[in-house]
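Participant: Let me begin by handing over the structure; questions about it come next.
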Amino acid sequence: MKSGLPLKLGIVVIALFALVIGGFALYKPLKFQYWRGRLQSKDAKVREKAVEKIIQMAPYGQMQIARDFIKAPEECSASIAIVLVNSGWVGFDAFDRDQFMNYVKVLMSDEVKEYKTSDYHKKVQSHLFSVRPSGRNDDYYDLLYRFGKRIYVYSYPDGSHGHPTSAGRFDLCYQAPDGRWLSEDGSIGGDLMTTGMVLISFAWYWDAKNYMGQSRDQFEKGLDFLSGRMNENGSIFPNTVVQALCAGAICDFGILFEKEKIDGLGNRAITNLLSRQLENGGFPAREGETTADIRSTCYAAMAIRAARMLGLGGFPGQSGKILEYLDSAAVFVPELSKEEPVRNQQLLHAAMAVTAGVYSGRKRTHPAVSKATELVGEYLPSWKERRDTEYIFWGTAAKFELGGSQWKKWNEAMKKTLLYHQRAGRHHHDGSWNPVMGELSEKYGRVFTTAMCATILDIYYRYARANVGRRK
């Protein structure tokens, strides 16, 4: 009898202990199931309370919700989607592409009460930025554009605070929370290229000085993003084209904002760019390399001109060396290849060389400049023939510098190519250009292409022709 009592007591203690452990183990699942059931309530207040409680169960609540969604995305209610958005959960590695797209479509569903408010759209867009897939994903960016358009519509229903051009309005919609504009190739180099191009397109706008106040915060966020990427020696990115484009964007905004902060940033970025110039006057494709690259050299010449406009210096030595390199590279009047890809590259380099040469101080009456410009003029902008956007960009600058009948002919073809093919209508691509024209356009996507096309159309307003002075 006596020996059996401790055994029974031990069994009771073990049973109680097991109940306590089991209670702890089951508490979260039971609590989650309770509030998950409340998400389906017809009472809005009950649903809001359930969302709040599940968010407080992070990360367990979000993980369970996500698993439910993966198993049956078609049954995912708007309330469940809101839980994931409001909690900032970004564990989408378990989603495949179709599941992710279904999830985003739920976020855009009319069932979501908050869907028709600007704050909700901004929160969802920020959420989408945080789960950006690596590499290309056309569906993802299409959905991102849809949200950007919605944010713009709800933020500025009368259009009074938007950019006066449809291209500008399109690009303003798609700035990430950290200030960058996204490239569709998913790379940081692409984001920097896109951000620099967008900023330049706004700086070149004919009424930029008067317009800047309306969206100045967005532009300063973009400049802050570039500043945050700049290291102590002024390098923003090893790729020289990226460095030059970003340095030029900073200098262009320094002219508009007239702020010491921007002057300092521009000086650091340009100083780093100039440090990359090689003995033969050219610039390498990447920092530290020793072989000159034509494209990098011409983008550097454009950035140096912007720095000169900002008053950072005259840079006569560097500009003179650029001219020496361009002459030695024989890009002004090349013997055109019969192979179309090679010929297109030669034409691009010829247009770049003309513009970079004039920006570096060469007179527009120089024989090499005249001959190269005539050569470029034989291959006018054309949407049908899919002329490279970058070629149209540099060709327009080259033709504008020389003026005359050649410029008039090119200008008409350029306007027909761009204005007739700009997207228009009540949809999320309104104001943009399809990214189908050349290497950079296809690589970096719609926002970059739209910014470059807008910059081409603003060529008349940036500089006086063949002169280092700002156009008044």
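Participant: Of all residues in the range 435-451, count the ones that are surrounded by 24 or more Cβ atoms within 10 Å (Cβ to Cβ), closer than 24 Å to PRO341 by Cα and among the hydrophobic types (A, V, I, L, M, F, W, C).
Facilitator: 2
Participant: Does the range 274-291 hold any residues that are crowded, with 20+ Cβ neighbours inside 10 Å and free of Cβ contacts under 8 Å to residues at least 40 places away in the same chain, and which are they?
Facilitator: ARG276
Participant: I've got another one for you. Tally up the residues in the range 349-389 that are over 31 Å from the mean Cα position of the chain (by Cα), surrounded by 23 or more Cβ atoms within 10 Å (Cβ to Cβ) and among the small types (Gly, Ala, Ser), please.
Facilitator: Qualifying residue count for the region: 1.
Participant: Inspect the range 414-430 for any residue being in contact with a Lys or Arg (Cβ under 6 Å, 6 or more places away or on another chain) and among the small types (Gly, Ala, Ser) and give the result as yes or no.
Facilitator: no
Participant: Residues of the range 267-287 being farther than 15 Å from VAL241 by Cβ and among the small types (Gly, Ala, Ser), which ones?
Facilitator: SER275, GLY281
Participant: Okay, moving on. Just checking, does the range 361-377 include any residue being of a type outside the set (D, E, K, R), touching a helix residue (DSSP H, G or I) at 6+ places or on another chain (Cβ under 8 Å), within 19 Å of ARG462 (Cα to Cα) and in contact (Cβ under 8 Å) with a residue 40 or more places away in the chain? Give the steps one after another, and end with the answer.
Facilitator: In the first step, residues of the range 361-377 are kept if they are of a type outside the set (D, E, K, R); the result is 361, 365-370, 372-373, 375-377.
The next check asks that each one be touching a helix residue (DSSP H, G or I) at 6+ places or on another chain (Cβ under 8 Å); those that pass are 361, 366, 368-370, 372-373, 375-377.
Those still in the list that are within 19 Å of ARG462 (Cα to Cα) too: 361.
Add one more test, that the residue is in contact (Cβ under 8 Å) with a residue 40 or more places away in the chain, and what stays is 361.
Yes, the conditions are met somewhere in the range 361-377.
Participant: One residue is enough: does the range 215-235 have a residue meeting the conditions at pLDDT below 75, on the phi < 0 side of the Ramachandran plot and not basic (Lys, Arg)?
Facilitator: Yes, that holds for at least one residue.
Participant: Every residue in the range 415-434 that is part of a loop (DSSP other than H, G, I, E, B), surrounded by 21 or more Cβ atoms within 10 Å (Cβ to Cβ) and at pLDDT 85 or above, please.
Facilitator: SER432, TRP433
The values are calculated or read from the model by the stated rules, or taken from the named source; none is laboratory data. No experiment lies behind these values; they were computed from the predicted model shown. Quick reminder, even Gly has a Cβ in these numbers, built from the backbone with ideal geometry, and neighbours come from all protein chains shown.
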